[in-house]
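In what follows, a structure is listed as structure tokens, so that the remarks can point back to it.
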Amino acid sequence: MKPNQEARVDLHTHTTASDGLLSPHALVQLAAERGLVAIAITDHDSVAGVAEAHAAGKACGVEVVPGVELSASGRNSEIHVLGFFVDPESCSFQEALAQLRRMRFQRAEAMVARLNKLGVALRMEQVVALAGDTAIGRPHVAQALVAGGLAPSFPEAFARYLKRNGPAWVAKQNFAAAEALAVIHRAGGVAVVAHPTHGPSPSELRAMVAAGLDGIEVRHPLLSASDTDRFTRLAETYKLVRSGGSDYHGVGRSHCDLGSLNVTANLLEALRARRPATAGCL
Ligand code: AMP
Ligand code: FE
Ligand code: FE
Ligand code: ZN
């Protein structure tokens, strides 16, 4: 049965499979408490949280959309691409994600080396102890710095060392934007550009549309009301579907609460209808 089109959903969330603080199970339970009928799990470079979330969703009546958030290299910044309804079992997809996670691991090692050069005695084992085999990111390095008494707080760890162009920051090696779209499409997914004010330039966005972009995130805590209006019009112009979500990473690490942006199920239904006709792959 299709949910009521006005029911609330959240289409951008993170779990402990990447840099979120809640396990997939706990995140889905919170979604149920918040009265959401569906959430998309969109971890960075990983679908490892999807199966657990799916099982939890069945138990508490929340639809779990399998998703991912890929980083792509833009000219002046990273471009984040959400993939909805990806097939977590797709072999080519799993290989692509594993490659991204290997690059993330090497990049974390490089950031630890930079910290050491700066006189900060962090060891990679401390980062790995926190991150396990998840998609390691700067938040894990920041957390390890705080846990080791090497930075006073999580935001300070970013401000002092890890922010973009900061002294210990190392750029991630990513796919080009068109390649990120292709990876999502090969996995049967719908490709949506995330928080579009923080990512592609207008010309990069047009190139992504030409390369098969399906949708654009129009509700996100980093977008103002006028951004939402602007990107909603852009979606109409380019025949893109719209999505929206809180980008929830857990308490103290999020811009807003899970489900608090009043994103409704009609957006999810439009995304569902946009799935490629020949979903799945070898
Ligand atoms: P990474 O993908 O490893 O470059 O890490 C990016 C993630 O770090 C984002 O998804 C956020 O979760 C988090 N992040 C980025 N910048 C900051 C910041 N200034 N303060 C706190 N968290 C941040
Ligand atoms: Fe994140
Ligand atoms: Fe993002
Ligand atoms: Zn995100």
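Could you tell me whether region 28-97 comes out rounded, prolate or oblate from its Cα gyration tensor? Rule is a ≥ b ≥ c as square roots of the eigenvalues, rounded for a/c under 1.5, then prolate if a/b exceeds b/c, otherwise oblate.
oblate
Short version: ³J(HN,Hα) in whole Hz for each residue of region 84-100, in order, from phi by Karplus 6.51 cos²θ - 1.76 cosθ + 1.60 (θ = phi - 60°), x for Gly and Pro, what are they?
Per residue, the Karplus-derived 3J(HN,Hα) values read 10, 6, 5, 8, x, 8, 4, 5, 5, 5, 4, 5, 4, 5, 4, 5, 4 Hz.
For Cα pairs less than 8 Å apart in space and 6+ apart in sequence, what is the mean separation divided by the residue count of the chain, i.e. the relative contact order in percent?
Taking the mean separation of contacting Cα pairs over the length of the chain, I get 24 percent.
In the neighborhood of G35, defined by Cβ-to-Cβ distances under 13 Å, what is the net charge if each Lys or Arg adds +1 and each Asp or Glu adds -1?
Its environment carries a net charge of -2.
Round to the nearest 0.05 the FRET efficiency obtained for A55 and V251 when R0 = 22 Å and r is the Cβ-Cβ distance. All intermediate terms of the calculation are to be shown ahead of the outcome.
Numbers: r = 24 Å, r/R0 = 1.07.
That pair, A55 with V251, gives E of 0.40.
Which percent, nearest 5, of DSSP beta bridges in the chain are antiparallel?
45 percent
Could you list Y248, Y161 in order of exposure, starting from the residue whose Cβ has the fewest other Cβ atoms within 10 Å?
Ordered by Cβ neighbours within 10 Å, fewest first: Y161, Y248.
Scan around A176 for amide H atoms under 5 Å from its own, H built in the peptide plane at 1.01 Å from N, and keep only partners 5 or more places away or cross-chain.
Long-range HN contacts for A176: S73.
If neighbour count is taken as other Cβ atoms inside 10 Å, put L118, L234 in order from fewest to most. If you can, show how the numbers build up before the last one.
Working: L118 12, L234 17.
Neighbour counts put them in this order, fewest first: L118, L234.
Please state the charge dipole magnitude for region 97-162, taken about the Cα centre, from unit charges on C-beta atoms (+1 on K and R, -1 on D and E), reported in debye and rounded to the nearest 20.
Using only the charged Cβ atoms, the result is roughly 240 debye.
Let me know the charge dipole size of the chain about its Cα centre in debye, to the nearest 20, where only the beta-carbon of Lys, Arg (+1) and Asp, Glu (-1) is charged.
So the magnitude is around 620 debye.
Starting from the alpha-carbon convex hull of the chain, give the projected area averaged over all orientations, in nm².
14.0 nm²
In µm²/s, what is D for region 144-282 at 10 °C and 1.306 mPa s, where D = kT/(6 pi eta Rh) by Stokes-Einstein and Rh is the Kirkwood radius from Cα pairs?
93 µm²/s
Sticking with the crude label model, points 7 Å out along Cα→Cβ, report the distance from T232 to A207 in nm, one decimal please.
3.0 nm
At 1.306 mPa s and 10 °C, plugging the Kirkwood radius over alpha-carbon pairs of region 97-162 into Stokes-Einstein gives what diffusion coefficient in µm²/s?
Working: Rh = 11.7 Å.
For these conditions, the coefficient is 136 µm²/s.
Semi-axes of region 65-224's equivalent ellipsoid from the Cα gyration tensor, sqrt of 5 times each eigenvalue, largest first, rounded to whole Å?
Over the Cα atoms of region 65-224, the semi-axes work out to 30, 18, 13 Å.
Name the residues whose placed amide hydrogens come within less than 5 Å of the amide hydrogen of V68, ignoring near sequence neighbours (fewer than 5 apart) on the same chain.
Here G83 satisfy the definition.
Okay, helix-only estimate at 222 nm for the chain: each DSSP H run of n ≥ 4 adds -39500 (n - 2.57), divide by all residues, round to 500 deg cm²/dmol; what do you get? Present the calculation step by step, with values, prior to reporting the outcome.
Working: 10 runs with 112 residues, N = 282.
Calculated at 222 nm, the ellipticity per residue is -12000 deg cm²/dmol.
Count the lysine pairs in the chain that are 8 or more places apart or on different chains: how many have C-alpha atoms under 30 angstrom apart?
Lysine pairs meeting both conditions in the chain amount to 5.
Starting from the amide H of S243, placed 1.01 Å from N in the peptide plane, find each other amide H under 5 Å away whose residue is 5 or more places distant or on another chain.
Amide H neighbours of S243: I216, E217, V218, R219.
Expressed as a rounded percentage, what relative contact order does region 129-271 have, with Cα pairs under 8 Å and six or more residues apart? Spell out each step's value before the answer.
Numbers: 151 pairs, mean separation 19.8, N = 143.
Averaging sequence separation for qualifying contacts and normalising by length gives 14 percent for region 129-271.
Values in this text are rule-based calculations from the coordinates and carry no lab data. Since the model is a prediction, treat every value here as computed from it, not as a measurement. Cβ atoms come from the backbone with ideal geometry, glycine included; neighbour counts cover every protein chain shown.
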